[in-house]
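Since the structure comes first, as structure tokens, the remarks are kept for the end.
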Amino acid sequence: MADLAASTPLGRDRTPRDAVLWSLLATALLLCAAKPLLPDFLIRLPEAWIPPAAQWLDAFFDVVKGDREEGRFGLIYITRWFAEGPLEFMLGATANLLEGKHRWPFVGPLPWSCVAAVAAILGYYLGGWKLAALAGGTFIWTALIGQWDLAMQTLSVLAVAAPMAFVLGLGLGIAAWKYAWFDAAVKPVLAILQTIPFFTYLLPAVIFFKVGPTAGAIATTIYAIPPMVLMTTLGLKKVAPEIIEAGAMSGCTRWQMLTRVYIPSARTEILVGVNQVIMLCLAMVVLTAFIGMPGLGGKLLSSMGSFKLGRSFEIGVTIVLVAVMLDRLSKAWVVKLPEHFEKGTPWYIQHKYLVLALFAFVFFLGLAQVNEWFQEIGRRQSFSQGRELDKAIKAALAVGWVKAVTEQIRYVMNVWILIPFRDFLLWIPTPAFILFMVAFAWAIGGKRPAIYAGVFFTLVAFSGWWDRSVITLFSVLSAVILSMFIGIPLGIFAARSDKWAERMLLVCDTAQTFPSFIYLLPAIMLFGVSPVTVVLAIVIFTTVPLTRYTIEGLRNVPPEMTEAADMSGATKRQKLLTVQLPLALPTMAVGFNQAIMFAFFMVIIAAFIGTQDLGQELQRTLAGTDLGKNFVLGMNVALMALTFDLAIMSWANHRKKALGLG
């Protein structure tokens, strides 16, 4: 076992690898030591060396976009036609039904009581009374707290964006499964789409599809497509050969094979994709508040901007409830098996929940005509305690010992940890920094990730935004390192007991459904607007995957390995350090990777509270039409994130093979 634990990820002699690694580190350290003697171009690239990539991209996008005023045909003709035609129509229909906008079909708004009743019945059908209480209770809370209109504005866009993302993702996934060349071409694109910051989605959407719900719907749709493509492709590739043979022997055409054999057999994976689409759509709809999208996100953004903590807290609770509800409903749909009936069973028995939902809808619709309270609860009638909560939160934060503790934490974090670490990273000469990243990728993942690391960070250096990129990386690394000291011990403690492991996994599952905006709330409440707030918000966000995958990794250690350790007389500590953790590390690596991806995502959102990184510059591009600059900044974030992703996942895959785990 000791030999196995000491084996290299690639299963080869480490001597050549070590020689390369030490050469890279020695060169980087030599550059750092000789910094006072280095010429300026070896410390930071001169501006004259920076290619005008943003201007080139602006020129390219200008040609692609076209100009309606000048009569130059381009993509904007098609996008604006879609935005002002089909998309506006679909958004108008959902806005009428949910918000009551004066548009077709001119029947809205639906009474809150009708929506809550139907949601409760749907929850009962999918998961029983607990899910019914969650679904119905979420809408009842939303109405009683006076946030119904805001929630419906958000859901009216979600109701359009999620189906579009599903249809497009399903189609692209089928194409990737069918054609190997398309699969090879689309995978790098999906990898980039999953790592570029959300601001990079917003500006093109605004330019090509107008400000407002249309741009929000398009940005949300594109953001949610990648997991649907990946899960569809995965599901279709996993269809058992005997099922395919049975379909072929029954004389199915290609279309019948696809619709009646492959897709039904891949139902579970496709529905998992639907779950991810819904959750990403909700997360993005909230974030489209940055481009003027109304709804819960817009109200939360304005409340946080004016430091109305009580109102922000109420809206945050509503967003969390909606997110958890949608997550639980869609997950219940994944495991819900189709129900079959004997021939001749009446249709109202086969569709009893649909009949019950229609009856409840009609009943509460009639009740709403008699009593306005069941139709709409106005702000004056609501039970909102925003002002009272605001006073209570601010009073609690003003208590002497609370204020002293938060100020001390902020001082220690800033003066002793964050600022020195940031200044140290900025002090490193650019070539040395690139070599350190190459050495990291070489040590972790091997040759290919190291080459990618060198290319990616060199591109970042030549983008002209090196210092901003380093500050972004500083926030990510600081937060992930701090979250390791919380998440890993928490996961180890919870994994000791099945009961605590289940409880902690439930907490992690629930926390991962929260839109990322929510994690800013506790950090802002405790530490105001400061660099510490940014890092601690990321820490809260990234602790979840580290805890979850530590538990999963330790629970999946083969029992015979732990039994062998017990029989050899190992103590609990020895068993943990020499058996369980080494075998759990490949799974834990997924948690590390996810934590880093989450951190890159969150650091861009934290630009809202004031940062000096790429997120701040990205946010500024939304005020204009700097599409080239927006794309360059977004690619910098994506390239840094991909460097860690490729290295860590390469190590995890090699480690699994070395341990015989897959």
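Within segment 133-154, identify whether any single residue is among the β-branched types (Val, Ile, Thr), within 28 Å of Val229 (Cβ to Cβ) and either free of Cβ contacts under 8 Å to residues at least 60 places away in the same chain or open to solvent by 50 Å² or more (accessible area, probe 1.4 Å) (or both), and answer yes or no. No, segment 133-154 has no match at all. Residues of segment 57-107 that are assigned to a helix (DSSP H, G or I), in contact with a helix residue (DSSP H, G or I) (Cβ under 7 Å, 6 or more places away or on another chain) and of a type in the set (Phe, Trp, Tyr): Phe61 alone. Considering the conditions (1) of a type in the set (A, V, I, L, M, F, W, C); (2) under 30 Å from Gln580 (Cβ atoms); (3) modelled with pLDDT under 95, Ile648 is excluded by exactly one of them, (3).
Residues in segment 630-662 that are closer than 19 Å to Ile196 by Cβ and open to solvent by 50 Å² or more (accessible area, probe 1.4 Å): Phe631, Leu646, Met649. Only a single criterion out of (1) open to solvent by 50 Å² or more (accessible area, probe 1.4 Å); (2) over 20 Å from Ala638 (Cα atoms); (3) under 27 Å from the mean Cα position of the chain (by Cα) is not satisfied by Leu418, namely (1). Total residues in segment 471-484 satisfying the condition of being more than 10 Å from Val535 (Cα to Cα) and either surrounded by fewer than 20 Cβ atoms within 10 Å (Cβ to Cβ) or more than 25 Å from the chain's Cα centre (by Cα) (or both): the figure is 2.
Residue pairs whose Cβ atoms lie under 6 Å apart, separated by 6 or more positions or on different chains, with the first residue in segment 58-85 and open to solvent by 60 Å² or more (accessible area, probe 1.4 Å) and the second outside any strand (DSSP E or B), are Arg72/Gly66; Phe73/Gly66; Leu75/Val64; Leu75/Lys65. Does Val277 satisfy the condition of being among the hydrophobic types (A, V, I, L, M, F, W, C) and in contact with a Pro (Cβ under 7 Å, 6 or more places away or on another chain)? For Val277, the condition - among the hydrophobic types (A, V, I, L, M, F, W, C) and in contact with a Pro (Cβ under 7 Å, 6 or more places away or on another chain) - is met.
For first residues located in segment 509-537 and at positive phi and of a type in the set (D, E, K, R), partners that are surrounded by fewer than 23 Cβ atoms within 10 Å (Cβ to Cβ) and part of a helix (DSSP H, G or I) and lie 6+ apart or on another chain with Cβ distances below 8 Å do not occur.
The set of residues from segment 108-134 being part of a helix (DSSP H, G or I), more than 18 Å from Lys352 (Cβ to Cβ) and small (Gly, Ala, Ser) comprises Ser113, Ala116, Ala133. Criterion first (without any contact (Cβ under 8 Å) to a residue 40 or more places away in the chain, among the acidic types (Asp, Glu) and not in a helix (DSSP H, G or I)) does Glu376 satisfy it? Against the criterion (without any contact (Cβ under 8 Å) to a residue 40 or more places away in the chain, among the acidic types (Asp, Glu) and not in a helix (DSSP H, G or I)), Glu376 does not qualify. Scanning segment 341-384 for residues that are within 30 Å of Phe307 (Cβ to Cβ) and open to solvent by 90 Å² or more (accessible area, probe 1.4 Å) yields Glu376, Arg379, Arg380, Gln381, Phe383. Within segment 155-197, restricting attention to residues that are among the small types (Gly, Ala, Ser) and open to solvent by 30 Å² or more (accessible area, probe 1.4 Å), which residue is nearest to Ile604 (Cα to Cα)? Here the answer is Ala191. Can you spot a residue in segment 607-620 that is within 27 Å of Asn556 (Cβ to Cβ), open to solvent by 10 Å² or more (accessible area, probe 1.4 Å), under 24 Å from the mean Cα position of the chain (by Cα) and not aromatic (Phe, Trp, Tyr)? No.
The values are calculated or read from the model by the stated rules, or taken from the named source; none is laboratory data. Keep in mind the model is a prediction, meaning the values are calculated, not measured. Note: ideal-geometry Cβ built from the backbone for every residue, glycine included; neighbour counts use all protein chains shown. In case anyone asks, the SASA skips ligands and DNA or RNA and just uses the protein heavy atoms, side chains included. Shrake-Rupley method; radii C 1.70, N 1.55, O 1.52, S 1.80 Å.
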